[in-house]
Every structure is written in structure tokens, then in C-alpha cells.
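Take a look at the structure set out below.
Please treat every number below as a calculation from the coordinates, not as lab data. On a predicted model such as this, the values are computed, not experimentally measured, just so you know. We place every Cβ from the backbone using ideal geometry, glycine too, and count neighbours over all the protein chains shown.
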There are 2 protein chains.
Amino acid sequence: MADSGPKSRIILQQCLSARLQTQPKTVNSEAKFVEIGPGLIVYVCFLKGATEDILDKIVKSITTAKLSEIEEDGKRVSVLDQPGDILIIPQATLGGVLKGKVMQYHRNIDKETGLKLYSKFVELCGSFVMDNSKSKECDKTVKFGTYGNRQVFNCVTNGPYSHVLEI
Amino acid sequence: MADSGPKSRIILQQCLSARLQTQPKTVNSEAKFVEIGPGLIVYVCFLKGATEDILDKIVKSITTAKLSEIEEDGKRVSVLDQPGDILIIPQATLGGVLKGKVMQYHRNIDKETGLKLYSKFVELCGSFVMDNSKSKECDKTVKFGTYGNRQVFNCVTNGPYSHVLEI
């Protein structure tokens, strides 16, 4: 299955704003957060067999898919054309398959490779957005969560407009 | 594909609280909202070929899957054992398949049948929770969005712990 099935599972949701914890509170420091304004939340999970080869396709898909609203109930444009922010959330649980009452994660990639792919993905996504003149002019940003951390966050949306991608 | 593939796509996310608009503001009345406390957000989309026969399996899966935390980093229990609230959000976009830059929704069930299944699903989910003594004792509730409406909402989570079900 690992060879023939998808190598990643992604959820896309539109938001008006979102705030994600990137570092929990410790004895010595307050918790750290990143925030975005109107844009796209990207939950990403890499599955067995994923390699760097698929990252370009994932980044192109999420940044060019016409899912963003510029006027209420108007036509949808890409997050690059909106232009909007992007918040990437690592979400290994997306690889889960329900067996009876228990989720199994046998399809997930090993953590070490997952972290490498995630770091590369975040970097590539940032380059794509920075190479887009509209995003750059309007000071749009790519923020991202810490791989392996608990993803403490809140979001506000006027319609999550949720989509699942399997690439 | 409609015959052999899944008949529904569902996203499950854990939350600490969530608030969903069920009726937008009009000239004569304020917008209406429903709210839940700690529990489960269920985004649901019915696909072509879905019938009432699958509803029981969906409701059992989402209410008995061990995804809810009772202590931080402790073992996971079902939303019935948590016990937690449930917020159901109709989300037809989940049936989307990305073709190039455009989402296509050919797999989605027709709106009329979708509404019937959604109404029955909400009802069945409510019965399951009300039949559970723990949920009843702790005054847990099932809230739900308005089919076909824009799902204006916000949520707070200490880890969305996102899962996708295809049933």
C-alpha cells in the first residue's frame, strides 16, 4: 500500500486569523506563538514512501488551488492571488486509519524522515510565497508549527471551506 | 467510482471550545450561534451513493473512536467516555478533488439527498449521546450547523488531533 497509495495527506482550511503555539511555556520562558491574518491553514502529514520529489507538487497545489475568497460569495482565487498568509501545521495524526475503536498509524513515515520533509516543505513554501510579487508587496507571510509539538491553536473563519488533498 | 469508493468523508478535530453561526444576521434579527465546550468537531460530507444505511456506522465510529484526552498526554478515550460535546459542521467542500488549480465536486451527492442524510445523521448522533449515561449525567450536548449555510465559526484547541474518515 505504501508504494501505490498517496505519500502525503493534507487538509486545507480558510481562515480570517489563526494563532499557533510554537513553543510551550517553560520555567524560564513564556510560550511562543505565531499568528496569521486572512489566508490558508495547511495541516500536513507525510506517509510511508514520501520523498522530496513530491514537495514541489504539494507546494504548487496548495498555493495555486483557487480556494480563497476576495469578495464574499465571489469567485475563488489562489492564496497567492488573494494574497493571503499561510499557516503550516504538522499533523501526523492525519495518517491514521480507524480499526474498530482505535486509530492506527502504520502508514506514517518515520519521524526522522518526516521532520526532514517537513522542514524542506516549509522552506519551499516560503520561497514560493516570497517569489510571488503580490504576496511580497502586501507583506504576506508563511508561518509554521514545530514538528512533533502539541499544536495548541485557535482560529477564526467565515467558512473553513475544508478540502483534503492526497498527493 | 461512486459505487466502489467511500460514501462519506469526515474530518474529526478535538477542541476546547467552538462557536458556530447557525443563522446569519438579517434586517430583523441578530445572527444565531451554537457553542460547545471540550469535545469533538465533526465536519461531514456525503458522497454519491450514500444512503441511510451508512449513518449508523459513521455515528458509531465518531462516538466510539478513542480520540479524546482526559488528562494531558494521557491515554485517549471516546468522546462518550470523555464525556465531551460534539459539534457537527456540514462541509460539502470535503468531496472536492483538485484538478489542476480548480476543485471539482463531481463525487458529491445531490443537495436534496445530502440534506436528508445530514438531518438524519444529526438526529442519530444526538440519540447516541443522549443514550450514553455519562454524557447525559454531565449534560453533554450535540450541536450542529445549518446545511447549505456558510459555516462561520471559531475554535480553540490544545491540539486539533485531526483525523480523516472515509466510510
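Let me have the relative contact order for chain B, percent, based on Cα pairs under 8 Å that are six or more residues apart. Don't jump to the answer; show the numbers that get you there.
Numbers: 340 pairs, mean separation 58.8, N = 167.
Worked out over chain B, it gives 35 percent.
Label-to-label distance for A:ILE70 and A:GLN104 is 4.8 nm, based on points extended 7 Å past Cα in the beta-carbon direction.
Ordering A:SER133, A:VAL79, A:VAL102 by the projection of their Cα atoms onto the charge dipole of the range A:74-162, which places +1 on the Cβ of Lys and Arg and -1 on the Cβ of Asp and Glu, puts A:VAL102 at the extreme positive end.
Can you give the calculated 222 nm mean residue ellipticity of chain A, where each DSSP H run of n ≥ 4 adds -39,500 (n - 2.57) and the sum is split over every residue, rounded to the nearest 500 deg cm²/dmol?
Details: 3 runs with 35 residues, N = 167.
Result for chain A, helices only: -6500 deg cm²/dmol.
Please list the three semi-axes, largest first and in whole Å, of the ellipsoid equivalent to the range B:8-166, using sqrt of 5 times the eigenvalues of its alpha carbon gyration tensor. Write down the numbers at each step before the final one.
Numbers: eigenvalues 123, 74, 54 Å².
Equivalent ellipsoid of the range B:8-166: 25, 19, 16 Å, largest first.
Taking 0.36 nm per residue of separation and subtracting the current Cα-Cα distance, fully stretching the chain between B:ASP131 and B:SER119 would add 2.5 nm.
So what's the gap between the Cα centers of the range A:70-127 and the range B:80-114, to the nearest angstrom? For the range A:70-127 versus the range B:80-114, the Cα centre distance is 18 Å.
Per residue of B:148-160, how many C-beta atoms from partner chains lie within 10 Å of its own C-beta, taken as a mean? Working shown, then result.
Numbers: counts 0, 1, 7, 6, 6, 6, 9, 7, 5, 6, 6, 8, 11.
For peptide B:148-160, the averaged partner shielding equals 6.
In this structure, A:LYS57 and B:ASP81 have a Cβ-Cβ separation that, at R0 = 41 Å, corresponds to a calculated FRET efficiency of about 0.50.
On a per residue basis, the convex hull of the C-alpha atoms belonging to the protein assembly as shown measures out at 153 Å³.
Projected label points at B:ASN28 and B:LEU16, each 7 Å from Cα along the beta carbon direction, are separated by 4.0 nanometres.
Give the angle, between 0 and 90 degrees and rounded to the nearest 10, that separates the Cα long axis of helix B:111-130 from the longest principal axis of the Cα atoms of chain B. Roughly 10 degrees between the two axes.
List A:CYS155, B:CYS138 from most exposed to least, where exposure is judged by having the fewest other Cβ atoms within 10 Å. All intermediate terms of the calculation are to be shown ahead of the outcome.
On the way: A:CYS155 23, B:CYS138 13.
Starting with the residue having the fewest Cβ neighbours, the order is B:CYS138, A:CYS155.
From the P(r) of the range A:1-75, could you give the percentage of C-alpha pairs in the tail past 19 Å? Across the range A:1-75, Cα pairs with separations above 19 Å total 56 percent. Shielding value for B:90-97 is 5, the average number of Cβ atoms from other chains within 10 Å of each residue's Cβ. Put a plus charge on the Cβ of each Lys and Arg, a minus charge on the Cβ of each Asp and Glu, and nothing anywhere else: the dipole of the protein assembly as shown about its Cα centre is then about 380 debye. A Cβ-based charge dipole, computed about the Cα centre of chain A with Lys and Arg at +1 and Asp and Glu at -1, lands at about 620 debye.
Once you have a ≥ b ≥ c as the square roots of the Cα gyration tensor eigenvalues for the range A:112-167, tell me rounded if a/c is under 1.5, and otherwise prolate or oblate according to whether a/b is larger than b/c. It is oblate, given that a/c is not under 1.5 and a/b is not larger than b/c. The order of the peptides B:84-92, B:129-137 by mean Cβ neighbours within 10 Å, most packed first, is B:84-92, B:129-137.
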